Amino acid sequence: MKLKTFLARDLKDALSQVKRELGPEAVILSTQSRWVKENQTGWGRRPGVEVTAAVDMTPIPSNGDGDRDDRGVWFPPPPTPVSQIQEDLEEVKELLHQWMRQSGPPSWLLQHKELAMFYRVLTKSGLDERFVQRWLDNVQGILEQPGEQPLTLKEVACRYLMHAFGVVDPWKAKEAQPRYWTFIGPTGVGKTTTIAKLAAKFGLMEKLQVGLISMDNQRLGAHNQLAAYGRLTGQPLIVVHRRQELLEAMEKMGDLDLILIDTAGRSPYAPALQKELQESLGDLPELEHHLVLSATTKESNLINAIKRFSILPISSYIITKLDETNDFSGIFNQLCRHRVPVSYLTAGQQVPEDIELASRRRVTELLLRRRS
Ligand SMILES: Nc1nc2c(ncn2[C@@H]2O[C@H](COP(=O)(O)OP(=O)(O)OP(=O)(O)O)[C@@H](O)[C@H]2O)c(=O)[nH]1
Ligand SMILES: [Mg+2]
């Protein structure tokens, strides 16, 4: 293991020094804020960064590919470009996060105590650094506007966050009659339970005519769960196996107000997923697809799930299992990134109680609750 400490004016400069001297395999062990010389003559000092990095010098395995350079640093064979870029991005993201956490609020923000505190909350919330930076730029822009401040500082702090994502009430979003809503997503995220909650809300509380269709043929007897809810509420259920049967069931239920369609949970990593989704549900413009995501899912898996299921046009995200985590940052980052609105939030197993329509205020509170 070779260990070395680098002093640089900024993180970008430090990282390129690390790559140059230790090679691309180097691992960053720590970053810290430091004062560095302003210029060659040594006059003046400015904030900079100290990065400690290490590289593994163990011999190349006898069957291994790759090469050593003249410093003795081992270079593995070139990885596939996409995975390399993803790894680099993750590394830079983590470094930036550390950097922002350590360096604290910029000096201009310190004049506004309330905002500086809010900045600290944001940097610790797990929110994407690029988004924190955009928030800073936005706040700075507002504060620099001449004349009387139109907003209180608290409003300045929250306003940008609350408008960084979309919310939708899917019932009001479309006038179509009937409405056909499908619930798609990874296994076990709560699709069927969410359908049962919505069936009770619309059928029993709002007295609308609701029908249920189950396309879940993945597990033996998977539709029994929905059939039991249907029996309790008196709502009709049709089980379908093929696309043609789905079309027939949709036609049969055409005089109802709302048809909730349950699908089989699928691993976002399943190679045939997108083909299957396209073949069973693609090119049916009457369908509104709601992607169900669990708040407990790790961010990298969320990113992949959104990517794979978005082969179908997604009308909204439904976020489940909010009662099982206090870290909402992964979901929040994705809501800001994709701008697909969030419709419902669920926080518990009770049918029908544990579901609510999403609002900007509630979603923002979920992000901030861990630190506030
Ligand atoms: N804590 C908690 N549990 C939930 C929530 N929503 C669903 N569940 C539970 O999660 C488990 C799986 O729920 P299902 O509705 O069967 O999930 P699914 O997505 O239909 O699963 P598959 O059809 O197998 O893909 C059940 O035990 C539910 O009670 C929620 O908001 N909070
Ligand atoms: Mg299910």
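Every residue, every condition in (1) charged (D, E, K, R); (2) farther than 21 Å from Val168 by Cα; (3) modelled with pLDDT of 95 or more; (4) not in a helix (DSSP H, G or I), yes or no:
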site	(1), (2), (3), (4)
Ala270	no, yes, no, yes
Thr297	no, yes, yes, yes
Ser300	no, yes, no, no
Asn326	no, yes, no, yes
Got at least one residue in the stretch 166-187 being among the aliphatic types (A, V, I, L, M), within 16 Å of ligand 2 (Cβ to nearest atom) and in the same structural domain as Ala222 (by TED's automatic domain parsing)? yes
Go through (1) more than 12 Å from ligand 2 (Cβ to nearest atom); (2) farther than 18 Å from Ala358 by Cα one by one and return the number of the condition Asp216 breaks. (1)
Return a yes/no flag: does the stretch 328-338 have any residue that is of a type in the set (Val, Ile, Thr), buried (at least 20 other Cβ atoms within 10 Å of the Cβ) and in contact with a Gly (Cβ under 9 Å, 6 or more places away or on another chain). no
For the stretch 323-347, what are the residues that are closer than 21 Å to Thr182 by Cα and among the small types (Gly, Ala, Ser)? Ser343, Ala347
For Asp262: the one exception among (1) within 14 Å of ligand 2 (Cβ to nearest atom); (2) touching a Lys or Arg at 6+ places or on another chain (Cβ under 9 Å); (3) modelled with pLDDT under 95: (3)
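The values are calculated or read from the model by the stated rules, or taken from the named source; none is laboratory data. These numbers were taken from a predicted model, which means no experiment stands behind them. Because the Cβ atoms are built from the backbone with ideal geometry, glycine has one as well, and the counts that use them run over all protein chains shown.
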